[in-house]
Amino acid sequence: MNYDVIVVGGGHAGVEASLSSARMGNKTLLISMLAENVGATSCNPAIGGLAKGHLVREIDALGGEMGLITDEAGIQFRILNQTKGPAVRGSRAQIDMDRYRVIARNTILNTPNLDLAQEMVESLVVEDGVIKGVKTDLLNEYNASKVIITSGTFLNGIIHIGEVQQVGGRFGEQTSVNLSRSLKEDCNLEMARLKTGTCARIDSSSIDFSVMEEQGGDELPNPFSFRTDRAEFRASKKQLPCFIAYTNEKTHNIIESNFYRAPLFTGQIAGKSPRYCPSIEDKIDKFPDKDRHHLFIEPQTAENTECYINGLSTSLPPEVQRDMIHSVKGMENAKIVRYGYAIEYDFVDPRELKHSLETKKIKGLYLAGQINGTTGYEEAAAQGLMAGINASLSLQNKEPLILRRDEAYIGVLIDDLVTKGTNEPYRMFTSRAEYRLLLREESADTRLSHYGHQLGLIDDALYAKVQLKDEQIQAGAKLLEETKFTPNKEFNSFLESIDEAPLKDISTAQQLVARKTFDIEKMLKLVPQLDEYEEYIKEEILVEGKYARYIEKQSLEIERMKKYLKINIPEGFDFNKVSGLSKEVVEKLEQFNPPTLQAAMNISGITPAAIEILHIYIKIDKRDNK
Ligand code: FAD
């Protein structure tokens, strides 16, 4: 019954936490309510998307599992925002959700050092502010000096479908009441409530797909994992289409005339919902002028026997759900297998956490995933991986791995959570990252694999491949920078032949590539030596060439920030005189009196913007004193 690390909950956070801990050499136990549901996708059968795809790539680069499972269980792969800049593109995959679970569970069971137990954790054993282990519903007591809680939406979960309320962590599953009580009473953690929701699932054979728009995957699909062989993947991957349907006036009338029965509006639900995944009743209420809303009909498995209706999340009563679904073209005869529902659950204020995801109050207790106020599989998996890594590093008496905001979306996610907290389900967006151009999906491996390698989560052979990729990109970018052209008549007529405007001054290939219209084909005509590289390396060289100046500017800004974080805050500095700081920030600074800007940055609730303002005022203060 003695372990190094115990992980509670086998959702996406728990899968990554337990695998990383075991792979880093710790005797690890994963305890979850239902072994079948390890790796279950509670809501949509898809992984990735805008900014979420970045997270999956980063998890993969650090040695996590989500990308690999998605490649195997994926049934459709698309790159979203393909026509936009490389920083905001996002990979998304439809998955066979049954297969995803089976692969996740089998990976757990086949990993050395890792045990799986189907039990419910009822309480935490804490002595003098230190975690000692957990007690379960079977009266088992397991001991460990590190415990990671990844309990998702299961703490005190209440499910709403119209007037009906049920207790449950997901529809048809138990809820966890005592663990929530233990976190509150034994650990003294601040907790509050949030809400999320899902749509009905339909028997696919009852849908008339012929009247809907088909949406296929990319012709040349890209795998999520850097470890998956692209060519093999493309040759073997069978893809399924999704379909697009629309709500209409009739649907909207049905919903509107039943607002009075919507738990969201009757006061039955108190928790705050995810702003960016609103329910259909929310959309009709907030956008009354819109005459239709998109619905994406997504297969849940490779056999496509049941479909998920993305865009129709609801907690309206069953008969209203039936009417509104039947009002949609192509779904007149739809048979509902499972009704949509909303769920309210407890979460812990993430400001209770350090950047390592260890709680400040209880040594050795880590929290990851939806319990920290996030929403989404990818956000959960990213935190789970980091909690597993940091619990392991702590057992080795090593410093935690804290990714910076300019290094990874994972760094942005954790920094946002632990410094700002959240009062609504937090999801990742590219707009949350200040240094988006540096944090591209495709650069995740060259940015982060060295950490995965140091931790023992990425093997030597894979790391050598990443290093080679990096060298090739750097060499290609250098070639673009060094290849100079004199825009004489001959060169200009060559430019014209590739539909480019003639030039007056001496130019480099990099400058030409920086023109928005310059693509790989044109680049190769100028610098044919680059043709020896694989297609995706060429694309990266093109990106590096196009955005070289911006990337350099962002890198300089980061260096500047690193330097000024070392600046001392003068003794007796009056934080009240700094205009632009919120009252809360001033109170915190006065309370902790940090000696340096770095120390100020480490205080929860102090944002990078506040540090920037403080920096300016310290400079003014020093100048005035002189
Ligand atoms: P979960 O995946 O919830 O897993 C928690 C695990 O912990 C479960 O296996 C559970 O059995 C186990 N567990 C809990 N308590 C105990 C205990 N005491 N003892 C043992 N095991 C325990 N995300 C989106 O991005 N968009 C959406 O629109 C969306 N809608 C959702 C709708 C619903 C109804 C639900 C339930 C979730 C929705 N999500 C959505 C959220 C998404 O499912 C989660 O963000 C993600 O699954 C969280 O992962 P997790 O690992 O933190 O927890």
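Every number in this text was worked out from the coordinates using simple rules, so none of it is lab data. Just so you know, these numbers come straight off a predicted model, no measurement behind them. Here Cβ is always computed from backbone atoms with ideal geometry, including for glycine, and neighbour counts include all displayed protein chains.
Which percentage, to the nearest 5, of the DSSP beta bridges contained in the chain is antiparallel?
In the chain, DSSP labels about 70 percent of beta bridges as antiparallel.
Applying a 10 Å radius around every beta-carbon, put 106-112, 79-85 in order of their mean neighbour count, most first.
By packing density, highest mean first, the sequence is 106-112, 79-85.
Only four residue types carry charge here, +1 at the Cβ of Lys and Arg and -1 at the Cβ of Asp and Glu. Report the dipole size of segment 469-554 about the Cα centre in Debye, rounded to the nearest 20.
My answer is approximately 480 debye.
Sort TYR409, TYR463, TYR260 so that the residue with the fewest other Cβ atoms within 10 Å of its own Cβ comes first and the one with the most comes last.
Neighbour counts put them in this order, fewest first: TYR260, TYR463, TYR409.
Tell me, how many Å apart are the Cα centres for segment 111-190 and for segment 258-294?
Computed from Cα coordinates, the inter-centre distance equals 31 Å.
Give the relative contact order (percent, whole number) for segment 469-554; include only Cα pairs under 8 Å separated by 6+ residues.
This gives 35 percent for segment 469-554.
Listed highest first by mean packing, meaning other Cβ atoms within 10 Å per residue, what order do 579-589, 414-424 come in?
414-424, 579-589
Restricting everything to alpha-carbon atoms, can you work out Rg to Rh for segment 89-161 with a Kirkwood hydrodynamic radius?
Radius of gyration relative to Kirkwood radius: 1.07.
Ratio of segment 199-342's C-alpha Rg to 2.2 N^0.38 Å, to two decimals?
It is 1.19.
Listed here are the pairs LYS132/LYS354; LYS184/LYS361; LYS420/LYS583; LYS84/LYS420; LYS237/LYS522; LYS489/LYS522; which of them are more than 22 Å apart at the Cα?
Going by Cα-Cα distance, LYS84/LYS420; LYS237/LYS522 fall outside the 22 Å limit.
Within 13 Å, Cβ to Cβ, of GLU559, how many net charges do the neighbouring residues add up to if Lys/Arg are +1 and Asp/Glu are -1?
Neighbour charge sum, excluding GLU559 itself: +3.
To the nearest 0.05, what FRET efficiency results for LEU138 and ALA475 with a Förster distance of 51 Å applied to their C-beta separation?
So the FRET efficiency works out to roughly 0.30.
If you take the beta carbon distance between VAL177 and ALA270 as r and set R0 to 22 Å, what does 1/(1 + (r/R0)^6) give as a FRET efficiency, to the nearest 0.05?
Efficiency, from the Cβ-Cβ distance: 0.80.
Can you grab the distance from the C-alpha centre of segment 370-387 to the C-alpha centre of segment 434-502, Å, no decimals?
With segment 370-387 and segment 434-502 each reduced to a Cα centre, they are spaced 31 Å.
At a 10 Å Cβ-Cβ cut-off, how would you order HIS160, HIS615, fewest neighbours first?
HIS615, HIS160
Segment 1-101: Rg/Rh from Cα coordinates, Kirkwood Rh?
Result: Rg/Rh = 1.04.
How many percent of Cα pairs in segment 322-383 exceed 17 Å?
Summing the P(r) tail past 17 Å for segment 322-383 gives 58 percent.
Could you give the length gained on full extension between LYS420 and GLN166, defined as 0.36 nm per residue of separation minus the Cα-Cα distance, in nm?
88.2 nm
Averaging over all projection directions, find the projected area of the Cα convex hull of segment 566-625 and quote it in nm² with one decimal place.
3.6 nm²
Can you compute the modelled spin-label distance between ALA117 and ILE506, with each label point 7 Å from Cα toward Cβ, in nm?
7.3 nm
Among GLN215, THR247, THR198, pick out the residue whose Cα is farthest towards the positive end of the charge dipole of segment 183-255, where Lys and Arg carry +1 and Asp and Glu carry -1 on C-beta, about the Cα centre.
THR198
Per-residue HN-Hα couplings for segment 287-292, Karplus 6.51 cos²θ - 1.76 cosθ + 1.60 at θ = phi - 60°, whole Hz, x for Gly and Pro?
10, x, 7, 6, 8, 7
Over the chain, what portion of Cα pair distances is larger than 38 Å, expressed as a whole percent?
Cα-Cα pairs in the chain separated by more than 38 Å: 39 percent.
Figure the gain on full extension for LEU468 and GLU399 (residue separation times 0.36 nm, minus the Cα-Cα span) and round it to one decimal in nm.
22.0 nm
Could you work out the per residue convex hull volume over the alpha carbons of segment 469-554, in cubic angstrom?
91 Å³
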